[in-house]
Structures are given as structure tokens and as C-alpha cells.
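Here the structure comes first, spelled out in C-alpha cells, and everything after it is commentary.
The values are calculated or read from the model by the stated rules, or taken from the named source; none is laboratory data. Every value quoted in this text rests on a predicted model; they were computed, and no experiment measured them. So basically every Cβ, Gly included, is an ideal-geometry build from the backbone, and we count neighbours across all protein chains shown.
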Amino acid sequence: MRRTDRALVVEQGARGTSYGAWLGDEISRRLFDCLDAPGKRLEASPSRSTVREPAAIARTDEVLAAL
């Protein structure tokens, strides 16, 4: 594993107070001195439609762009 000193939380869930928000906050607070940049969150809105679901899921290119 290569150490990058950065953190990215990717989740599909409701915006606002979610597990990803809590996790990102914990990482930022506990590892503040170790990080080179602020932690980022990439969220994808949940969809109940099977037709729209592929558009709502975070794609690999979006995750790579956020990294």
C-alpha cells in the first residue's frame, strides 16, 4: 500500500448527516497532523428507479478525479 497522506470517502446515501460524513469528520479530527490536504467526500444520491440508478452511482472516473 502506498501512503498518500490524503483521505477520500465515497458513499451512496442521503446528503447531510450520514455515516460517510461522520467517518470523514473522524478522519479529519484524528489524523489532522498526518494529512497533506483536507479530506474529501464524494456522494452519489440514492435512486429508487432501476433506470436512473446507473446515473446515480459514483463512477470510477469520478472517484479518480476526486483523488
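Points worth noting:
- The lone exception for Thr17 - which of (1) surrounded by fewer than 11 Cβ atoms within 10 Å (Cβ to Cβ); (2) modelled with pLDDT of 80 or more it fails: (2)
- Tally, over the stretch 35-67, of residues that are among the acidic types (Asp, Glu), surrounded by 12 or more Cβ atoms within 10 Å (Cβ to Cβ) and either part of a strand (DSSP E or B) or at pLDDT 75 or above (or both): 2
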